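To start, the structure itself, in structure tokens.
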Amino acid sequence: MSERTKRFWQRVSDYGNDETRDPFSHSGAYHRHFQGWAERRVPRENGKGERIERVYVADYFRYEETDAAWKGKKLAYPLLTLLTVALSVLADSREAAVNHIPAIGIAQILAYLPMVCLLYRLVLQLAAPRNMTIGERDAAVEGFRKASLICAVVLAALTAAMPIGAAIVTKSIGGADWAAAGLKLLSAAAAFLLRFTEKRRSLTKVPNGKTAPSESNEIW
């Protein structure tokens with residue numbers, strides 16, 4: 001039985017029982033976000049109830065590159081992401097026979113889902129500090145790498161489907177169809193460039209001198 005499953009059934013059995021309930025029992029998402037933190041319950045300043053006090057005690061993660069390169073990526077990534085989205089929108093909005101095929105149209109709409117995910121991960125990537133916690137690394141780095149790969153693969157597959165769909169449905173492939181597919185290919189290439197650039201960046205650990213306070217619970 002996995003640790004996540006054990007925590008789930010422990011929460012079920014402890015529900016409503018204040019004598020056995022673990023005060024630090026949290027969901028799997030909570031553990032992933034606060035992994036490497038130590039927390040303890042302390043009285044509130046006004047004397048009413050308690051609050052959770054957290055201290056990060058694990059090592060930090062940092063891109064193994066200069067500050068100038070790190071800042072450069074903060075500028076380049078939004079441009080490449082916006083280029084990915086803009087080229088895809090431009091391809092879908094062209095007056096081409098392929099864009100009037102229902103199946104292709106549905107695929108084009110569905111392709112915006114990974115692009116929305118990519119935009120979300122971009123925000124996390126831009127907001128991530130120089131020294132990242134485990135949760136920030138997973139959300140900003142690993143999440144961005146997965147989102148850019150999925151987006152690139154989906155756009156590349158759609159690029160291949162467009163001329164094939166036009167040939168099957170309209171029995172011909174016009175210049176406008178090739179132009180739309182070409183724009184979609186450039187969109188996929190921009191997403192692949194994001195994935196390639198981010199995948200080449202290596203991370204290094206930065207020691208953290210803080211230790212867990214007494215009577216605290218470390219989250220792993």
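The values are calculated or read from the model by the stated rules, or taken from the named source; none is laboratory data. Bear in mind the structure is a predicted one, so any value in this text is a computation, not a measurement. Glycine also receives a Cβ, built like all others from the backbone with ideal geometry; neighbour counts cover every protein chain displayed.
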What tally of residues in the range 186-220 results from selecting those that are closer than 30 Å to E95 by Cα and out of contact with any Leu (no Cβ under 8 Å at 6 or more places or on another chain)? 2
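Matching residues to (1) among the hydrophobic types (A, V, I, L, M, F, W, C); (2) at pLDDT 95 or above; (3) assigned to a loop (DSSP other than H, G, I, E, B):
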site	(1), (2), (3)
A152	yes, yes, no
P163	no, no, no
A167	yes, no, no
I173	yes, no, yes
A191	yes, yes, no
F196	yes, yes, no
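Residue by residue, here is whether (1) touching an Asp or Glu at 6+ places or on another chain (Cβ under 8 Å); (2) among the polar types (S, T, N, Q) holds:
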| residue | (1), (2) |
| --- | --- |
| L75 | no, no |
| L82 | no, no |
| A91 | no, no |
| E95 | no, no |
| N99 | yes, yes |
| V116 | no, no |
| R145 | yes, no |
Tell me the strands (runs of 3 or more DSSP E) entirely within the range 31-71 that contain at least 2 residues that are within 30 Å of S202 (Cβ to Cβ) and aromatic (F, W, Y). 60-63
Here's a check for you: in the range 149-194, which residue that is charged (D, E, K, R) and farther than 24 Å from L119 by Cβ is surrounded by the fewest Cβ atoms within 10 Å (Cβ to Cβ)? K171
For the range 39-58, state whether one or more residues are under 21 Å from L186 (Cα atoms) and aromatic (F, W, Y). no
Quick count over the range 122-144, residues being more than 19 Å from K71 (Cβ to Cβ) and among the charged types (D, E, K, R), is 2
